[in-house]
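In what follows, a single structure is set out as structure tokens and then discussed.
The values are calculated or read from the model by the stated rules, or taken from the named source; none is laboratory data. Please read all numbers here as calculations on a predicted model, not as lab measurements. Virtual Cβ from ideal backbone geometry, glycine too; neighbours counted across all protein chains shown.
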Amino acid sequence: MESERFEALIDAILAIIITIIVMEIPLPQTTTLHSLLELTPEFLAYALSFVLCFNVWNFHHNMFNVVNKIDSSITWASGISIMIVGLLPHVSTMVVTDFNSFIAQFMFGLVFFLTHVNFYVVDLLLVRFDKANIALRLLIEERKNLTIIITVMYLLSFVIGYLIYPPVIVAVSVLSVAINLLPKNKRCKLKIPI
């Protein structure tokens, strides 16, 4: 199956999601610096959501650069990722509305966590479908440790967020995005002894 049309669909959906997220930021009541600073949580939620959307786009872009062929299971799994990311405008608003709410924080973190889990599922499907692709295997092997680290971080943040301090979930979301933004040589140093 050719991937160009699917890539174009992903691009379009992510552009719509980003547009909706930015539209959730209200206009300041006045044109003063103080009014803009009052919107800091909204701008931070937007920035973090934008980076997740970009991370999803980057994942798919990198994947389609090394993939020789895809099948319907891969497009459906990738589509589920886009469906999960489509919840970002709603959960971003929840976090901004009640920053100390565990449910709001959990839902926000869950979107990020499920996106990472979905990336791993897509990786497994790709390896199963395109067994002879060495470049793909190397890329997925490189991401394996990162997936394990981020999964453990999110599970711990959900427990700590529930028991102690809910905003730790957003902090882990920021950290997971920061890890994904690290240069490739720095990410490779994140090894887990298995």
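The figures follow:
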quantity	calculated
Qualifying positions in the range 16-44 - of a type in the set (D, E, K, R) and without any contact (Cβ under 8 Å) to a residue 24 or more places away in the chain	Glu38
Spans of helices (runs of 4 or more DSSP H) in the range 1-101 with at least 3 residues at negative phi and surrounded by 13 or more Cβ atoms within 10 Å (Cβ to Cβ)	4-23, 40-66, 72-85, 88-97
Residue under evaluation Ala132, criteria (1) small (Gly, Ala, Ser); (2) touching a helix residue (DSSP H, G or I) at 6+ places or on another chain (Cβ under 8 Å); (3) assigned to a loop (DSSP other than H, G, I, E, B), criterion not met	(2)
Count of residues meeting criterion [modelled with pLDDT of 85 or more, closer than 21 Å to Asn55 by Cβ and touching a Pro at 6+ places or on another chain (Cβ under 7 Å)] in the range 18-41	1
The one condition in (1) in a loop (DSSP other than H, G, I, E, B); (2) surrounded by 18 or more Cβ atoms within 10 Å (Cβ to Cβ) that Phe113 fails to fulfil	(1)
Given (1) over 16 Å from Phe50 (Cα atoms); (2) at pLDDT 85 or above, number of the condition Lys131 does not satisfy	(2)
Criterion (β-branched (Val, Ile, Thr) and either touching a residue at least 24 places away in the same chain (Cβ under 8 Å) or buried (at least 20 other Cβ atoms within 10 Å of the Cβ) (or both)) met by exactly one of Val159, Val127, Val172, Val152	Val172
